[in-house]
Amino acid sequence: MRSLIGSHDLLLVTLDTLRHDVAAELAAAGRTPQLARALPGGRWERRHSPASFTYAAHHAFFAGFLPTPALPGRHERLYAAAFPGSETSGADTWVFDAPDLPTALAREGYHTLCLGGVGFFNRRSPLGSVLPGLFAEAHWEPEFGVTSPTCLDAQLDRLAEVLPRVPTRQPLFTFLNVAALHQPNRHHLPGAQHDDRASHAAALEYVDGRIGRLFALLTGRSRPVFTIICSDHGTAYGEDGHTGHRIGHDVVWTVPYAHFTLHPGEW
């Protein structure tokens, strides 16, 4: 990633609460064709999140601790906040002398843009202001949140509104937290009375139907866009008696991950 700073726009998408098993099943069944088109080989990579809930996971992500490949070994990171004793920074790692990625990119001339989804980005409390406060520009509305059946549509409408204000000569870092997968998600499955794996899957299909618009908007700036898309954690729907997350269960720790470069004109 080191060689891309300055020449590429950057996009980080967190599909909040998306389980790896559901994401992999839908990709294999052809139920998420737009995501499969972008994913390397059409498949999600299986990784382990550094945390079991949104707030902790995003602090780790912004410091350079993205989900770790679910294989033994030392895995070089894409980017990293500098600190003594780091053993996972390598020749291609962009190491920055700042506490977080948005601050570091701003120092490199990037405009940093946050489109929040779940409550940790709503700026309605001091706690909900910490993560969006890292960015030069941050947006959140109730229509972006977990109870909205059109949350991603609303976020993309806002993105389309604000993008023209960013000079094309200035590189852009866009962060998008998508709330659709998070409970409650039963409104994505007609007739569903409860949240479950089926409604979780239906929410991912909803996201897939809009992801092409996201990619088209950002590649419309005529720069290549280095893209990271992943979940911050999964969630349980009754496995071993568990419901929800912030627990140490495999369905929570195991997440889908991908990174790739989008080019102008592809979408």
Test: residue in the stretch 248-256 that is in a loop (DSSP other than H, G, I, E, B), touching a residue at least 24 places away in the same chain (Cβ under 8 Å) and not polar (S, T, N, Q): yes
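Yes or no, residue by residue, for (1) of a type in the set (Ser, Thr, Tyr); (2) modelled with pLDDT under 95; (3) under 27 Å from THR147 (Cα atoms); (4) in a loop (DSSP other than H, G, I, E, B):
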site	(1), (2), (3), (4)
LEU10	no, no, no, no
THR14	yes, no, yes, no
ARG31	no, no, yes, yes
LEU35	no, no, yes, no
PRO102	no, no, no, no
LEU113	no, no, yes, no
Subset tally (residues that are surrounded by fewer than 19 Cβ atoms within 10 Å (Cβ to Cβ) and part of a helix (DSSP H, G or I)) for the stretch 216-231: 2
Complete set of residues in the stretch 122-181 that are surrounded by fewer than 22 Cβ atoms within 10 Å (Cβ to Cβ), of a type in the set (A, V, I, L, M, F, W, C) and assigned to a helix (DSSP H, G or I): LEU127, VAL130, LEU134, ALA154, LEU156, LEU159, ALA160, VAL162, LEU163
Subset of the stretch 232-248 [modelled with pLDDT of 95 or more and either open to solvent by 50 Å² or more (accessible area, probe 1.4 Å) or not small (Gly, Ala, Ser) (or both)]: ASP232, HIS233, THR235, TYR237
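To keep it simple, each residue is scored yes or no on (1) touching a Lys or Arg at 6+ places or on another chain (Cβ under 9 Å); (2) touching a residue at least 40 places away in the same chain (Cβ under 8 Å); (3) in a loop (DSSP other than H, G, I, E, B); (4) closer than 27 Å to GLY128 by Cα.
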residue: TYR55; (1), (2), (3), (4): no, yes, no, yes
residue: HIS58; (1), (2), (3), (4): no, yes, no, yes
residue: ALA80; (1), (2), (3), (4): no, no, no, yes
residue: GLY85; (1), (2), (3), (4): no, no, yes, no
residue: SER89; (1), (2), (3), (4): yes, no, yes, no
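The values are calculated or read from the model by the stated rules, or taken from the named source; none is laboratory data. Computed from a predicted model, the values in this text were never measured in an experiment. Cβ sites come from the backbone with ideal geometry, for glycine too, and all protein chains shown count toward neighbours. Ligands, DNA and RNA are stripped out before the accessible areas are found, and what is left, the full protein with its side chains, is counted by its heavy atoms. Shrake-Rupley method; radii C 1.70, N 1.55, O 1.52, S 1.80 Å.
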